[in-house]
1. Taking only pairs six or more apart or across chains, which ones have beta-carbon atoms under 8 Å, a first residue in segment 111-135 that is free of Cβ contacts under 8 Å to residues at least 12 places away in the same chain and under 16 Å from Arg147 (Cβ atoms), and a second residue that is assigned to a helix (DSSP H, G or I) and β-branched (Val, Ile, Thr)?
2. Please work out which one of (1) open to solvent by 90 Å² or more (accessible area, probe 1.4 Å); (2) over 19 Å from Glu28 (Cβ atoms) is the condition Ser48 fails and give its number.
3. Just the residues that are of a type in the set (D, E, K, R) and either under 10 Å from Val117 (Cβ atoms) or open to solvent by less than 20 Å² (accessible area, probe 1.4 Å) (or both), please, taken from segment 142-153.
4. Considering Arg156, Arg171, Arg113, which residue is among the basic types (Lys, Arg), modelled with pLDDT under 90 and open to solvent by 100 Å² or more (accessible area, probe 1.4 Å)?
Amino acid sequence: MRDVLAADYTGLFKRLTRRLGNSELAGEALQDTFLRVERMTNATAISSPKDYLFRMALNVATDRRRVEQRHLSLDAVDALLDVPDDSPDASAIVEGRQDIQALDRALAELPARARQVFVLAVIKKMADQQIAAQLGVSLRTVEIDLRNALKHCAQRLDRTLIRRTGGPRPR
């Protein structure tokens, strides 16, 4: 088999190139075919060695194409590696921690009930009616305490308080 492949290498290469439409793939397939022929141990009689070698080279080329299709292209890898990092940088982390500390200080300055209303409404996302029932106060008291707490915290954190008009606060 090796002798047949060596003797008709150019002819097989031309046939494979025409069939595959790619001379590089044809050359690689013939290289792999040669290696497979070298590893063949059984000496079975083959009626048409050239056709057998051609079919073997086509199978090798098909296998190579399947493997290449499973791998990502360099552009695809670059695109995957170019995903922006949304995690905060060190300065944003420090600034966030400072804001939390400032909020803690601002909340500590509030009267106990206003602080409790703020925590239940803003942090625990409870409805005003639930807060009023839990604290045993009127709904209007909850609204006033929350408005005052938000105003106080906005001033302490040097933020602008956005005033909404009408309707209940969003849940």
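The values are calculated or read from the model by the stated rules, or taken from the named source; none is laboratory data. Worth saying up front: this structure is predicted, and the values here are computed from it rather than measured. Cβ sites come from the backbone with ideal geometry, for glycine too, and all protein chains shown count toward neighbours. Just the protein is used for accessible areas: all its heavy atoms, side chains included, with ligands, DNA and RNA removed. Shrake-Rupley method; radii C 1.70, N 1.55, O 1.52, S 1.80 Å.
1. Correct list of pairs: Ala132/Thr141; Ala132/Val142.
2. Of (1) open to solvent by 90 Å² or more (accessible area, probe 1.4 Å); (2) over 19 Å from Glu28 (Cβ atoms), only one is false for Ser48: (1).
3. The answer is Glu143, Asp145, Arg147.
4. None of the other options fit; the residue is Arg171.
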